[in-house]
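Single-structure report; data block below.
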Amino acid sequence: MIRRIALMRAEDDAEATAAALAARGFEAVIAPAIEIRALPAAPPEGRFDALVAASPRAFHALGEADRARLATIPLYVVGARAARAARDTGLAVAGDAAADAAALAERLARALPPGARLLYLAGRDRKPTLETALAAAGLVVQAVELYAAESRETWSAGEARAVAACDGALHYSHRTAALAVALAARAGLAERFRAIAHFCLSADVAEPLAADGAARIVSADAPDEAHLMAALERALGPSPKG
């Protein structure tokens, strides 16, 4: 039997992870804990010295007219996926994508004068990491919230059955891990969900699962998908054929 691994990420992220799991001989069960919804906000008028973004969803949520209006402002991003999404929607990225918020803040502090104004293309549900790093570098940040990652109230009956049949689950954020615990409880799967193996991007991501009493939790050696997949393969081994 092929081992089944539950994914609680938003569907667009989960599809890419499902392909990575299939390449390793696992079957993905997609049961999102959140849904992505575009918000009606539009980027404000005014002069900005740079645009910043950390998620590909920011570019998917921009309308064509807004993209055209912002195209003349230098754009800096965190992460290769955000850079790729920007280019796919016709926006040029200044230099390579930064590895993380701290690296982006350091780059912009060198490139721009103190007090430079930045427009952050953001989601409503976000950690303040990027804004905090940019402000600490002496830059003025204004965020426009273009999309929301909204929590789901329940899984469908089919999703619940599929999760119950899983051998493990991958978790990428503290929030979606906590929401998955709540969704499993509402589906009557709390005990079963605690019993499966949970593979987490970091110790912070694992906290809601540990608080719920999950029996088997493994945190990745580093907070990226390659290390998360490695942790999964070490724990469960190559998926049996048949």
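The values are calculated or read from the model by the stated rules, or taken from the named source; none is laboratory data. Model, not experiment: these values are computed from the prediction. Reconstructed Cβ throughout: ideal geometry from the backbone, glycine too, with neighbour counts over all protein chains shown. Side chains are part of the model used for accessible areas, which takes the heavy atoms of the whole protein and leaves out ligands, DNA and RNA. Shrake-Rupley method; radii C 1.70, N 1.55, O 1.52, S 1.80 Å.
Structure summary
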item: Residue that is farthest from E131 (Cα to Cα) [pool: residues in segment 40-54 that are open to solvent by 20 Å² or more (accessible area, probe 1.4 Å) and modelled with pLDDT under 95]; result: P40
item: Count - residues of segment 55-82 that are at pLDDT below 95, more than 26 Å from A180 (Cβ to Cβ) and either part of a strand (DSSP E or B) or under 17 Å from the mean Cα position of the chain (by Cα) (or both); result: 2
item: Selected residue [surrounded by fewer than 16 Cβ atoms within 10 Å (Cβ to Cβ), of a type outside the set (D, E, K, R), farther than 24 Å from T129 by Cα and more than 15 Å from the chain's Cα centre (by Cα)] from G90, G95; result: G90
item: Residue ID - farthest from the chain's Cα centre (by Cα), chosen from residues in segment 198-217 that are under 21 Å from R4 (Cβ atoms) and open to solvent by 50 Å² or more (accessible area, probe 1.4 Å); result: A215
item: Some residue of segment 176-184 being buried (at least 19 other Cβ atoms within 10 Å of the Cβ) and among the polar types (S, T, N, Q); result: yes
item: Residue under evaluation R9, criteria (1) in contact with a Phe, Trp or Tyr (Cβ under 6 Å, 6 or more places away or on another chain); (2) more than 29 Å from L232 (Cβ to Cβ); (3) surrounded by 15 or more Cβ atoms within 10 Å (Cβ to Cβ), criterion not met; result: (2)
